[in-house]
Every structure is written in structure tokens, then in C-alpha cells.
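The values are calculated or read from the model by the stated rules, or taken from the named source; none is laboratory data. This one's a predicted model, so the numbers in the text were calculated from it and none came from an experiment. For neighbour counting, all protein chains shown are included, and Cβ atoms are generated from backbone atoms with ideal geometry for every residue, glycine included.
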Amino acid sequence: MRQLIPALLLLTLLLPAAAAAQSPVTRVQFVAALWTCSGAVPYDANGPFSDVNPNSPGATAVAWAYDLGIVRGTGGTLFVPDRPITREEAAVLLRRYAVHLGRDTFLPSGVAACNDFEGISPWADDSLYWAAGIGLLAWGADGRPEPQGTLSPEELEQALARFFDRPVPAIPYLLEHW
């Protein structure tokens, strides 16, 4: 029994992290991870979105991303922070940040058209091709970018490591705190 108690304690500590690793990344988590990897610059947390509490952990990141033109919301004054981010939304945000940084965001030559083009929103097609073409987001095994699919914490970590061309903070740990 004495050996079982430490094992159960360890298991109770690991289960929440394992569950978080399986959950899709939310919109606020994505923006907070991007902000953190960008240096987590101090910023005024009062942004324009009525559904982002200025006292919430991700408010500073969302206000930062809004002021840089990375996020624009989902319509009106809404950001919908707790909704899982889609792959096409993630591609658009990464491309907007790349533009802000002055990076080349032209579509790479030789990017093949995908076979689920009709599933890509018109506002996201160039960004999704760009993100997949430079290796930020992987194409699915069937050659589809799965634009309406969500991002896993592992995919987010890979995308940010490639975007910043360096290792990034432990994304599963960050996601637990946003």
C-alpha cells in the first residue's frame, strides 16, 4: 500500500497535463503562446473585445495582438477567446504577425493546390497555403490542410518553433495557465 500512494499521487498530478495535451488549443491560448514566444512584452490589457475580461490571464496578449493587427475578432466586439482555433485562423494570425515583422509572406513556389479547397474560407486561403508551404502547419496525411480542423498543443509548439526558428517554451505548460 505504501508504494501505491506515491504512484496514485503522481498519477493525479499527470492526468490534468495529459488531458490538456489532448484538448484543442483555444483562440486565447494561441494568441497568448504567440505573445509569450515574442517576449511577453508588458502591455495594457484593455482591449476592444467585450468578451475578453481585462483581468483574465490572456487579456494582455489579446490586446497586444489586436494593436499589432494580428487579431481582428469574430465580428462586432467579440473575440470568442475560449473557442478552439481552427487551422485556417492560426495560419491567418501567423501570416499577419509575419507581415508585422517584415517577413516575406509570398506564397512559396511549387505549393500544390489541396484537394479540399472548397473547405477553406476565402479570407484564409492564401494564409493557409503560405503556412503549409513554408512548413508551419503540416498537410494532413491525405493531402488536405483540414482548414476547419483544430490545432493540438503539439502542432502549436511545432508551428511556433518553426516560425521563430528556435525552441519555444513548453506549450502544454503554457496552455494550462491561460
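Taking region 78-178 and the helices (runs of 4 or more DSSP H) fully enclosed by it, the elements with 1 or more residues that are modelled with pLDDT of 85 or more are at 87-100, 125-133, 153-164. Cβ-Cβ contacts under 7 Å between residues 6 or more apart (or on different chains), taken from a first residue in region 12-31 that is within 25 Å of Ala63 (Cα to Cα) and outside any helix (DSSP H, G or I) to a second residue that is charged (D, E, K, R) and modelled with pLDDT of 50 or more, are listed as Thr26/Asp82; Thr26/Arg83. The conditions of being more than 11 Å from Arg27 (Cα to Cα) and either of a type in the set (Lys, Arg) or in contact with a Gly (Cβ under 6 Å, 6 or more places away or on another chain) (or both) are not met by Tyr97. Taken over region 121-151, the criterion of being among the aliphatic types (A, V, I, L, M), over 15 Å from Thr105 (Cα atoms) and surrounded by 19 or more Cβ atoms within 10 Å (Cβ to Cβ) is satisfied by Leu151 alone. If you go through region 79-98 and keep only what is basic (Lys, Arg) and surrounded by fewer than 19 Cβ atoms within 10 Å (Cβ to Cβ), you end up with Arg83, Arg96. Residues to consider are Val41, Val62, Val25, Val31; find the one that is at pLDDT below 90 and either closer than 22 Å to Pro167 by Cα or in contact with a helix residue (DSSP H, G or I) (Cβ under 7 Å, 6 or more places away or on another chain) (or both). On inspection, the qualifying residue turns out to be Val41.
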